[in-house]
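Any read-out appearing in this document is the output of simple, stated calculations on the displayed coordinates, not a laboratory observation. None of the values given here were measured: they were computed from a predicted structure. Heads up, the Cβs are rebuilt from the backbone with ideal geometry, glycines too, and the neighbour counts pull from every protein chain shown.
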Amino acid sequence: MKRLETNIQGFTLYKAGLPQFPRNFSRDSIISGILMQNPKMLSDQLSFCAKLQGRGKNPSTGEEPGKIFHEYPGVEINGYSTLFNACDTTAMFLIAHEVYQTLTGDKTLAKKQEKHIERAAIEYILPHIKDGLFIEDPGFSGAEEFGLSVTYWKDSEITGRENGKPKHPVVYTLAHVQNAKGLRSAAKLLGSRSLKEKAEKMIERLKELYDEENGGFYIGIDSEGRIKAKSSDSLHVLFYLEKEEVSKEMLEGIVESSVSLETSAGYRTLDAKAAKQVKDKYHAGTVWPFEQAIINSAARKHGLKRLEEISSRVMKYLDTDPELFVIEENRVKKGGCDPQLWTIGAKEYFRNQNPASLL
């Protein structure tokens, strides 16, 4: 953690990983703070996020009113900055506020940032909701495209689409659920019945994102149709859902379909068949330690013992803090950064036996 620590504008923050990502990522820091149940880490990150919160539309960076940044500073890709290239960070900002308040009992941070919480929910999330679905499109910032191909956490390539890019507008199932949870957190923090009802409407639409044929959720739906693959997204999404929000039949389908994702180090991001169709393997066929902690917490909340056991396998490989594991012919090899912030968060989660429900 000390190697990743940095001071930006008076806040104690953390770089995502070394050597490739010596920048501050909202998503990585918030998830790490949640996994470690670290209120100080969350407080500083939330304050920095509020300070940089989007004010207007900027097609060069993806900035939108109320939006929380992706990485600071942004990097340039194909003439676009990645500064605001994420559709889940604003939801995570709201969720983290609720987690911080639950951990500490301190309501002063949310009170101090009340306008930022309102802007995140009302100015960013609500305009993205169409008929109860969270829509992602560069057009919201006035742009024709983003610097990144994909704008939820698996942001390198998406399976089943030319050049690994969705055809906007797109609904990413995981981002849809995260933003529903974000609205619910905002509703609780602000005492807003209206926001709570909108979140409930989003959860109702979730059944339309479920693939009854294959079990599990679609990765998403874009202008070309459903994006199908057996993906860790179906396991990951359970972290943000309550027991009553997922039917028994859905859970059974998710557990059955996830067998093809199992490895000796935990769950792959994509099954082997889908991974072969993706050129950039960074988010394809790899195992990410942080996601194993997310899946493990979800499994404990929903009472899914097999998922709990498989996801916990990652710990035997974590003698250091690698970003990910590459699976080649059933061999597990470290990849990416080492150290990686949210891998440290995952190790802390497993070591401390944090509560089944982190949210």
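Summing charges over neighbours of N179, with a neighbour being any other residue whose Cβ is under 11 Å away from its Cβ, gives +1 when K and R count +1 and D and E count -1. Near Y282, once Lys and Arg are set to +1 and Asp and Glu to -1 for all other residues with Cβ below 12 Å from its Cβ, the sum equals -1. Straight-distance candidates among the lysines for linking to K130, with alpha-carbon spacing under 18 Å and chain neighbours fewer than 8 residues away dropped: K67, K167, K181, K196, K198, K201, K207. Using Cβ point charges alone (K and R +1, D and E -1), the dipole size of the chain about the Cα centre works out to roughly 840 debye.
Of the complete DSSP H runs in the chain, those spanning 24 angstrom or more by Cα along the long axis with a mean Kyte-Doolittle score not below -1.0 are 173-190. Selection among S232, M315, L261 by position relative to the dipole of segment 5-352 gives M315 as farthest towards the positive end (Cβ unit charges, Cα centre). Between the amide H of T286 and those of T269, L270, distances stay under 5 Å, these residues lying 5 or more places away or on another chain, with hydrogens modeled in the peptide plane. Could you list the residues of segment 191-215 with an amide nitrogen less than 18 Å from a label point located 7 Å from the Cα of K273 in the Cα-to-C-beta direction? Under cut-off, by backbone N: 211-215. The calculated FRET efficiency for the pair R226 and L103, based on their C-beta separation and a Förster distance of 25 Å, comes to about 0.05.
Just so you know, the Cα atoms of segment 263-359 work out to an Rg and Dmax of 13.1, 38 Å. Using the Cβ-Cβ distance between Q20 and K333 with R0 = 25 Å, the FRET efficiency computed as 1/(1 + (r/R0)^6) comes to roughly 0.90. Extending 7 Å from Cα along the Cβ direction at R205 and again at E118 yields two label points whose distance is 2.5 nm. 3J(HN,Hα) couplings calculated from phi for segment 146-155 with the Karplus curve 6.51 cos²θ - 1.76 cosθ + 1.60 (θ = phi - 60°) are, in sequence order, 9, x, 8, 5, 10, 10, 10, 5, 7, 9 Hz; Gly and Pro show x. Structural size metrics of segment 201-291, computed from C-alpha coordinates, are Rg and Dmax of 13.1, 38 Å.
Across the options Q292, L46, Y210, the greatest Cα extent toward the positive end of the charge dipole of the chain (unit charges at beta carbon of Lys, Arg, Asp, Glu) belongs to L46. Using the Karplus relation 6.51 cos²θ - 1.76 cosθ + 1.60 with θ = phi - 60°, the per-residue 3J(HN,Hα) values for segment 108-119 come to 6, 5, 5, 5, 5, 9, 4, 5, 5, 5, 4, 5 Hz, with x marking Gly and Pro.
Of the GluC sites (Glu not before Pro) found in segment 315-358, those that fall in a DSSP loop while having at most 11 other beta-carbon atoms within 10 Å are E329.
Averaged over residues, the count of other Cβ atoms within 10 Å places the peptides 254-260, 264-270 in the sequence 264-270, 254-260, highest first.
What the phi angles of segment 233-242 give under the Karplus curve with 6.51, -1.76 and 1.60, with θ = phi - 60°, is a coupling list of 4, 5, 7, 4, 4, 5, 4, 9, 10, 8 Hz, glycine and proline written as x.
Under a 5 Å amide H cut-off, with hydrogens placed 1.01 Å from N, F21 pairs with nothing among residues at least 5 apart or on other chains. Close amide H contacts of F217 (hydrogens built in the peptide plane, cut-off under 5 Å, sequence separation of 5 or more or a different chain): D211, S234.
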